[in-house]
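Before any comments, here is the structure.
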Amino acid sequence: MNNNKEVNIPRRSFIDYLLGGSILALIASVLYPTIKFIMPPKVPEASQSSVKAAKVGELAPNSYKIFRMGTKPGILIHTEDGKFIAMSAVCTHLGCIIQYRPDMQHVWCACHNGHFDLNGKVISGPPPLPLEVFQVNIVGDEIIVSKKG
Ligand code: FES
């Protein structure tokens, strides 16, 4: 009894398989690095919940500053009566960066004329939701902004 089974593959088919496999390997070796180069790298969301947004005295009354809260911008407002208010600077409509309007004394999104009050609530315009308001603490000469727990 013979345990060695012969597999009878014609030489021509074997060469075709080999050639086809080589071509696929070549295409994959060109496409993979190209796709990896084109695709943006995944950046993990920085879970920063507290930042030093500014120094006391850095902002004149009735002015503002944009700062980074993790990977997103926040806005720190020094009101005319001396309070510090902080909130997300990302408009809830289509994600534009908002600004403080000293002439109106509230927050404004230039993209589609969205208006928010200093509590982050929508006054007018297309934004569907209020802005996320942050907690502000003054520690020494630093203004610390934190996400509300
Ligand atoms: S993105 Fe702010 S109003 Fe449209």
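The values are calculated or read from the model by the stated rules, or taken from the named source; none is laboratory data. Keep in mind it's a predicted model, so treat the numbers as computed, not measured. Every residue, glycine as well, gets a Cβ built from its backbone with ideal geometry; the counts of neighbours run over all protein chains shown. Only protein heavy atoms, including side chains, enter the accessible area calculation; ligands, DNA and RNA are left aside. Shrake-Rupley method; radii C 1.70, N 1.55, O 1.52, S 1.80 Å.
Are there trypsin sites (Lys or Arg not before Pro) in the range 18-127 that DSSP puts in a loop and that have at most 16 other Cβ atoms within 10 Å, and which ones?
Within the range 18-127, the qualifying trypsin sites (Lys or Arg not before Pro) (loop, at most 16 other Cβ atoms within 10 Å) are 42, 83, 121.
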Which angle between 0 and 90 degrees, to the nearest 10, do you get for helix 11-38 versus the longest principal axis of the chain when only C-alpha atoms count?
-> 10 degrees
Label-point separation, residue 141 to residue 103 (7 Å along Cα→Cβ), nm | 3.5 nm
If every Lys and Arg gets +1 and every Asp and Glu gets -1 at its Cβ, then about the Cα centre the chain yields a dipole, in debye to the nearest 20, of 600 debye
Going down the table (121/147; 42/121; 36/148; 36/65; 42/65), which pairs top 26 Å between alpha carbons?
-> 42/121; 36/148; 36/65; 42/65
So between residue 129 and residue 39, what do we pick up on full extension, going 0.36 nm a residue minus the alpha carbon distance?
-> 29.2 nm
Accessible surface of the range 26-149, 1.4 Å probe, proportion on carbon and sulfur as whole % = 60 percent
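If you average 1/r across every pair of different Cα atoms in the chain and take the reciprocal, what Kirkwood value do you get, in Å?
Values: mean 1/r = 0.0509 Å⁻¹.
Over the chain, the inverse of the mean reciprocal pair distance is 19.6 Å.
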